[in-house]
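Please read the structure below before turning to the comments.
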Amino acid sequence: MPLTTAQRLAWNLARTLMKVIVLVRTDDGYAVMPWDEFDGNDAQVVREYDPFPG
């Protein structure tokens with residue numbers, strides 16, 4: 001998916017699920033998933049979306 005779409009989806013999921021969501025770069029574009037389900041290379045992580053301020 002395109003970066004802009006992935007960014008919006010990641011923030012929306014973080015706020016809805018109240019979990020840390022990561023945006024990762026893949027060979028086919030970008031993907032989003034909960035941090036606790038990500039088992040790939042940390043270098044693929046573009047950004048973390050944390051719904052908890054502070």
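The values are calculated or read from the model by the stated rules, or taken from the named source; none is laboratory data. In this text, all values refer to a predicted model and were calculated from it rather than measured experimentally. Methodologically, a virtual Cβ is constructed for each residue, glycine included, from the backbone with ideal geometry; neighbour enumeration extends over all protein chains shown. The protein model used for the area step is the full one, side chains on, heavy atoms only, and it has no ligands, DNA or RNA in it. Shrake-Rupley method; radii C 1.70, N 1.55, O 1.52, S 1.80 Å.
Note on the chain: helix-only mean residue ellipticity at 222 nm, from DSSP H runs of 4+ residues weighted -39500 (n - 2.57) and normalised by residue number, equals -9000 deg cm²/dmol.
For the chain, the residue among Asn12, Pro34, Met1 whose Cα projects farthest onto the positive side of the dipole built from Cβ charges is Asn12. Among 2-9, 15-22, 39-46, sorting by the average number of other beta carbon atoms lying within 10 angstrom of each residue, highest first, gives 15-22, 2-9, 39-46. Grab the beta carbon distance between Asp27 and Thr4, set R0 = 22 Å, and tell me the FRET efficiency rounded to 0.05. That gives a FRET efficiency of 0.70. Note on Kirkwood radius over Cα pairs in Å: of the candidates [x] 13.5; [y] 11.4; [z] 11.0, the value calculated from this structure sits at [z]. Expressed as a whole percentage, what fraction of the accessible surface of the chain belongs to carbon and sulfur atoms when a 1.4 Å probe is rolled over the protein heavy atoms? About 49 percent, which is the carbon plus sulfur part of the accessible surface. Each label point was placed 7 Å from the Cα along the Cα-to-Cβ direction; for Asp42 and Met18 their separation is 2.8 nm.
Summed over the residues of the chain and divided among them, the accessible surface reaches 71 Å² per residue at a probe radius of 1.4 Å.
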